[in-house]
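Take a look at the structure below.
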Amino acid sequence: MNWKAIVAVIALAGVASFVWYVVDQSAGSDFNRQLTPADSSAEDGSDDRPRKTVKETLAVESEEDYQEKAKKAIEPPDSIAGSDDQVRAAAGDLSEPLGSYLSPDEQVRKWVSLIDQMAEYRLPSKHLPVVYNKDSFQVIKNDSGQLVNDPANFDRWDPLINAVTSLDPKNLAVYYKKWSPFLEKAYNELGNPQSFDTQLRSTIEHLLVVEPIPDDTPLKQPKVFYEYADPVLENADPLSKWMWRLGQENMLALQEWLRQLRSYL
């Protein structure tokens, strides 16, 4: 069935879709959206960021059943045009709830753009690939009278985390190997000097080095949005703050899944 040919895109996109939704997509986000985009361009206008590189041999290729799985993996399509229905169907096949979270159109282009922006520590606010409805952000006061997260804030992400971590990392790596040229072709439309492979790996590595913070870390509300009371935490990069918003249990579950995925890549 042709719709299964979109499996690799969805699988890898699951990582990105989960992380993005740790913040609200509207201007009325619970936390303020202070951006710290990476800018490695030199003052003379040169750009020392890594150029296009794609890892040619993946760890999953040394697995005994790799050839069998690779033969069963559907060939990638020649074009991404008109593939949105198949993308949603494939997402549902991989993880039943995942397909219901996808937005209507331009799925593949949205996913590669999302990974690209996240690799540069930027928060996309337009052309988003996922719709994930959740309860509003809430705070409570601790025994010292400080504002802290309501524990229910972390529970809001359970369905999405479960949808992502239910994906089999080994199978994803098999598909990623077979689909890498197709993903690079879609990514090349962005016109950036990096490769999709580089950006994906950069995003995963950053998420894995984020250290957890206590779920009851104090907050403050200087104006409309809530902030971390500790200025060191508040000034952290956006991806770290996204992970903290999940709560320790969810964050560690995601990191364990990412480690398994990385071990096959």
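Points to keep in mind about this one:
- When the criteria are applied in full, SER113 fails the requirement of being among the polar types (S, T, N, Q), closer than 27 Å to PRO181 by Cβ and open to solvent by less than 20 Å² (accessible area, probe 1.4 Å).
- Any chance ARG122 is open to solvent by 60 Å² or more (accessible area, probe 1.4 Å), modelled with pLDDT of 75 or more and not in a loop (DSSP other than H, G, I, E, B): no
- Of all positions in segment 143-166, none carries a residue that is out of contact with any Lys or Arg (no Cβ under 6 Å at 6 or more places or on another chain) and among the basic types (Lys, Arg).
- Residues in segment 63-98 that are open to solvent by 50 Å² or more (accessible area, probe 1.4 Å), at pLDDT 80 or above and farther than 16 Å from LYS110 by Cα: GLU63, GLU64, GLN67, GLU68, LYS69, LYS71, LYS72.
- On the stretch given as segment 212-239, residues that are open to solvent by 10 Å² or more (accessible area, probe 1.4 Å) and closer than 30 Å to LEU183 by Cβ total 2.
- Residue count for segment 180-194, restricted to those that are hydrophobic (A, V, I, L, M, F, W, C) and open to solvent by 20 Å² or more (accessible area, probe 1.4 Å): 1
- Restricting LEU239, LEU219, LEU233 to residues that are within 16 Å of the chain's Cα centre (by Cα) and of a type outside the set (Phe, Trp, Tyr) narrows the list to LEU239.
- Residues within segment 139-170 that are open to solvent by less than 40 Å² (accessible area, probe 1.4 Å) and either of a type in the set (Gly, Ala, Ser) or touching a residue at least 24 places away in the same chain (Cβ under 8 Å) (or both), tallied: 13
- Some residue of segment 171-179 being without any contact (Cβ under 8 Å) to a residue 40 or more places away in the chain and open to solvent by 40 Å² or more (accessible area, probe 1.4 Å): no
- ALA236 under 29 Å from GLU68 (Cβ atoms) and small (Gly, Ala, Ser): no
The values are calculated or read from the model by the stated rules, or taken from the named source; none is laboratory data. Because the structure is predicted, anything quoted here is derived from the model rather than measured. Cβ coordinates were reconstructed from backbone atoms using ideal geometry, including for glycine residues, and neighbour counts include every protein chain displayed. Side chains included, ligands, DNA and RNA excluded: accessible areas come from the protein's heavy atoms. Shrake-Rupley method; radii C 1.70, N 1.55, O 1.52, S 1.80 Å.
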